[in-house]
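Undergrad: Below is a structure I'd like to ask you about.
The values are calculated or read from the model by the stated rules, or taken from the named source; none is laboratory data. Just so we're clear, the structure is a prediction, and the values are computed from it rather than from any experiment. Every residue, glycine as well, gets a Cβ built from its backbone with ideal geometry; the counts of neighbours run over all protein chains shown.
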Amino acid sequence: MPKKLSLILLSILLGAVFIFSGYAKLDPIEPFEYTFVDIGIVNWQLAPFVSRLLIGFEFLIGALLVLNLNPKKLTYKLGIGVLLIFCVYLILLMGFSGNKGNCGCFGSKLVMTPLQALIKNVIMLAFFVLLYKFHAGWELKNKMKYFLLVPIIAAFAFPFILNPVELDYSEAYLNKPENNFKLELDSLYKSATLAPPHSLSQGKHLIAFLSLTCKHCRIAANKMRVIHERNPNIPIYFVLNGEDKYLKPFYENTHTEAIPHCMLLGRNFIFLAGTNLPTIFLVNNSIVEHDIDYMSMDQTEIENWLKK
């Protein structure tokens, strides 16, 4: 009896980890969405749906483990399959980017390096093998199997309920009226460290004003990194604000070292960026034509704007 109880508790513990992992990715969900675009699985429009469906899988596996339902026929196989996929992803991530930054396994709620997450997944796989060998759980038979529809429907519905996809998310922000105000770049040239190139005053550029410690700025930076990797010809420039000690953590989280930047502090930064960060401008010959929100920032629309 103690052995059976221990295995039931182990199953519940594993289920709780899956449920927490899915919940942690929901707020904010954007970094998780960008991952699928970054590795080339889907485009920007499909990423919000794919990310929520995968979180739904985590909720489903977690719920079935907590309930100890149909473990050998369904639950264990799903759990082991998902963990193996995550392990392959983490190994590839370390191969391309090294063991740095937050892997995103628990969103921003619990920061883990790719190696830490890989070790966690290997331990969970070992627990799954143990459960598969010694714990049969409760198998639903005949008409009782229809009861599985309840956790299945709930698991895939919750991500869309808790963090709905905004259907106008990818609408062209360029439909907004043009701003057409001059960005006083002379202030940037005079006051910034790592002096920016004067070519910012000429032609078209995406200029982003980011705080090194702002959570939303890091999310925006991650999105711009993906855009930059998919199309390096888009001229993106960062104007960063914050103490030097925060620059390394910022890069560890965003991996945006390849995007040129300068540092602008205090009143000079606020004068150009304002107080609502991140601030992202589409600038044409020093004229801000569009002030865009990172949530609606669309790579295709930026490329179309550059062609005009």
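Undergrad: Quick one: in region 13-35, of everything that is in contact with a Ser or Thr (Cβ under 7 Å, 6 or more places away or on another chain) and part of a helix (DSSP H, G or I), which residue is nearest to Gly101 (Cα to Cα)?
TA: Phe32
Undergrad: Here is a further query. Any residue that is closer than 26 Å to Pro48 by Cα, of a type outside the set (Ser, Thr, Tyr) and part of a helix (DSSP H, G or I) - is there at least one of those in region 238-249?
TA: No, region 238-249 contains no residue that is closer than 26 Å to Pro48 by Cα, of a type outside the set (Ser, Thr, Tyr) and part of a helix (DSSP H, G or I).
Undergrad: Now for a separate question. Out of Phe106, Phe86, Phe57, I need the residue that is aromatic (Phe, Trp, Tyr), assigned to a helix (DSSP H, G or I), in contact (Cβ under 8 Å) with a residue 60 or more places away in the chain and in the same structural domain as Ile12 (by TED's automatic domain parsing). Which one?
TA: Going through Phe106, Phe86, Phe57 in turn, the sole match is Phe57.
Undergrad: Search region 176-190 for residues that are assigned to a helix (DSSP H, G or I) and surrounded by 15 or more Cβ atoms within 10 Å (Cβ to Cβ) and pair each with any residue that is of a type in the set (Phe, Trp, Tyr) and at pLDDT 80 or above when their beta-carbon atoms are under 7 Å apart and the residues are at least 6 apart or on different chains.
TA: Short answer, once both residue conditions are applied: Ser187/Phe271.
Undergrad: Would you check if there is a residue in region 245-267 being in contact with a strand residue (DSSP E or B) (Cβ under 7 Å, 6 or more places away or on another chain), among the aromatic types (Phe, Trp, Tyr) and over 23 Å from Ser296 (Cα atoms)?
TA: Within region 245-267, not a single residue is in contact with a strand residue (DSSP E or B) (Cβ under 7 Å, 6 or more places away or on another chain), among the aromatic types (Phe, Trp, Tyr) and over 23 Å from Ser296 (Cα atoms).
Undergrad: Now for a different question. Being crowded, with 19+ Cβ neighbours inside 10 Å, more than 21 Å from the chain's Cα centre (by Cα) and at pLDDT 85 or above, is that true of even one residue in region 13-25?
TA: yes
Undergrad: Right, next: Every residue in region 255-291 that is of a type in the set (Ser, Thr, Tyr) and touching a residue at least 60 places away in the same chain (Cβ under 8 Å), please. Working first, answer last.
TA: To start, the set of residues in region 255-291 that are of a type in the set (Ser, Thr, Tyr) comprises 256, 275, 279, 286.
Across region 255-291, the qualifying residues are Thr279, Ser286.
Undergrad: How about region 104-131: which of its residues are modelled with pLDDT under 90 and over 16 Å from Ile85 (Cα atoms)? First the steps, then the outcome.
TA: First, pick out the residues of region 104-131 that are modelled with pLDDT under 90: 104-114.
Passing the criteria: Gly107, Ser108, Lys109, Leu110, Val111, Met112, Thr113.
Undergrad: Could you give every pair whose Cβ atoms fall below 6 Å, whose first residue belongs to region 121-143 and is without any contact (Cβ under 8 Å) to a residue 60 or more places away in the chain, and whose second residue is of a type outside the set (Phe, Trp, Tyr), counting only separations of at least 6 or pairs across chains?
TA: Note: pairs meeting the criteria are Asn121/Leu83; Asn121/Cys87; Leu125/Leu83.
Undergrad: Looking at (1) crowded, with 22+ Cβ neighbours inside 10 Å; (2) assigned to a loop (DSSP other than H, G, I, E, B), find the lone condition where Ile207 falls short.
TA: Checking Ile207 against (1) crowded, with 22+ Cβ neighbours inside 10 Å; (2) assigned to a loop (DSSP other than H, G, I, E, B), the one that fails is (2).
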